[in-house]
1. Out of curiosity, is residue 199 farther than 21 Å from residue 86 by Cβ and open to solvent by 20 Å² or more (accessible area, probe 1.4 Å)?
2. Being within 26 Å of residue 26 (Cα to Cα) and either touching a Lys or Arg at 6+ places or on another chain (Cβ under 6 Å) or crowded, with 20+ Cβ neighbours inside 10 Å (or both): is that true of residue 240 here?
3. For the range 46-68, name all the residues that are open to solvent by 20 Å² or more (accessible area, probe 1.4 Å), within 29 Å of residue 208 (Cα to Cα) and hydrophobic (A, V, I, L, M, F, W, C).
4. Looking only at the range 1-38, which residues are assigned to a strand (DSSP E or B) and not small (Gly, Ala, Ser)?
5. Taking the conditions exactly as written (surrounded by fewer than 17 Cβ atoms within 10 Å (Cβ to Cβ), of a type in the set (Lys, Arg) and over 30 Å from residue 26 (Cβ atoms)), does residue 224 satisfy them or not?
6. Got a sec? Which helices (runs of 4 or more DSSP H) wholly within the range 69-119 have at least 2 residues that are open to solvent by 20 Å² or more (accessible area, probe 1.4 Å)?
7. For the range 7-45, give me the residue count where each residue is under 16 Å from the mean Cα position of the chain (by Cα), open to solvent by less than 40 Å² (accessible area, probe 1.4 Å), more than 18 Å from residue 201 (Cβ to Cβ) and not small (Gly, Ala, Ser).
8. For a quick check of your reading of the model, give me the residue pairs whose first member lies in the range 10-36 and is touching a residue at least 40 places away in the same chain (Cβ under 8 Å) and among the acidic types (Asp, Glu), whose second is open to solvent by 60 Å² or more (accessible area, probe 1.4 Å) and part of a helix (DSSP H, G or I), with beta-carbon atoms closer than 9 Å and at least 6 apart or on different chains.
Amino acid sequence: MIQVNDFLYGKMELPMVFSDLLNTDALKRLGGIHQSGAIFLVNPDICHSRLEHAIGVTMLIRMLGGSELEQIAGLLHDISHTAFSHVGDYVFDNTDEDYHEKVFAEVLCRSEVPDVLLNYGYNVNQILYGTFDILEQPLPALCADRLDYTLRDGIHGGVISRQRAREFLTSIVLKDGKIAVNAETEVAWINEAFEKLNNEVFKLPLHLYANGKMAELIKKFLNKGVLVESDMFKTDTMLLNKIRTSYEGYEAIKSIKQLKGFAEFMRHGAVPKIKTRTLNALLV
């Protein structure tokens with residue numbers, strides 16, 4: 001067993017399969033991918049990683065009694081996110097924000113993960129074609145992925161407190177194999193928290209500017225041949241360093257941090273069209 005620790009779920013022991021998965025290059029890379037894209041360049045408080053979210057989802061599924069296979073699926077569900085997360089969607093003009101889902105099978109199968117799974121009696125097809133009702137549900141239903149990022153991103157974005165998020169976690173249960181909430185007040189709270197997260201973090205003009213300008217810059221450098229598509233599957237730092245090797249790139253990153261042209265960009269730039277998200281948590 002290995003022990004993991006998270007500011008939402010506390011300490012938890014996980015079987016050794018998770019230790020071996022976390023030691024793969026594919027999972028280590030997620031530690032260098034910012035959950036909220038390029039927002040950390042203009043708001044350093046929002047700096048948590050895709051790996052933190054993936055581990056959190058795993059712990060949440062385990063806390064709810066989900067199978068080991070579903071916990072593994074939770075750990076792996078974001079393995080194909082590009083550098084700067086959803087900035088990749090804006091680079092590739094993917095308005096559904098599901099580019100990582102489209103390349104999931106390819107990224108997963110090219111990694112060390114299938115061999116690790118085989119060592120523990122699993123097959124990668126169980127991940128690719130399995131049904132995991134705790135992990136994923138279509139909008140507007142609650143699920144482990146959606147719940148973890150709502151709480152985690154909401155705390156880092158300053159729209160909810162960690163104490164209140166942990167209080168909410170005591171109200172969730174499984175109903176027919178899916179996440180539900182056992183009090184009307186808590187249903188109202190999580191639905192409101194989700195709306196605040198969308199309006200005050202995801203759609204905040206400053207944050208749209210950071211992700212939009214980064215997407216604009218990456219797209220420009222891809223077209224010029226300074227970057228290649230495979231660079232999108234490196235870490236944020238590696239991609240930033242490659243951009244900064246040119247004077248133009250160095251100055252462009254600096255201008256994002258200094259908010260140069262913020263108002264102009266919001267009027268006339270390629271501002272990301274954020275996917276509309278709503279939440280309607282199920283009451284037990």
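1. Criteria not met by residue 199.
2. Spelling it out, it is not the case that residue 240 is within 26 Å of residue 26 (Cα to Cα) and either touching a Lys or Arg at 6+ places or on another chain (Cβ under 6 Å) or crowded, with 20+ Cβ neighbours inside 10 Å (or both).
3. Those that are open to solvent by 20 Å² or more (accessible area, probe 1.4 Å), within 29 Å of residue 208 (Cα to Cα) and hydrophobic (A, V, I, L, M, F, W, C): 47, 51, 55.
4. 2, 3, 4, 5, 6, 11, 12, 13, 14, 34
5. Taking the combined requirement at face value, the residue does not satisfy it.
6. 99-102, 104-110, 113-119
7. Looking only at that region, the number is 3.
8. 20/119
The values are calculated or read from the model by the stated rules, or taken from the named source; none is laboratory data. The model shown is predicted, which means the values in this text are computed figures rather than measured ones. Every residue, glycine as well, gets a Cβ built from its backbone with ideal geometry; the counts of neighbours run over all protein chains shown. Accessible surface areas use protein heavy atoms only, side chains included; no ligands, DNA or RNA. Shrake-Rupley method; radii C 1.70, N 1.55, O 1.52, S 1.80 Å.
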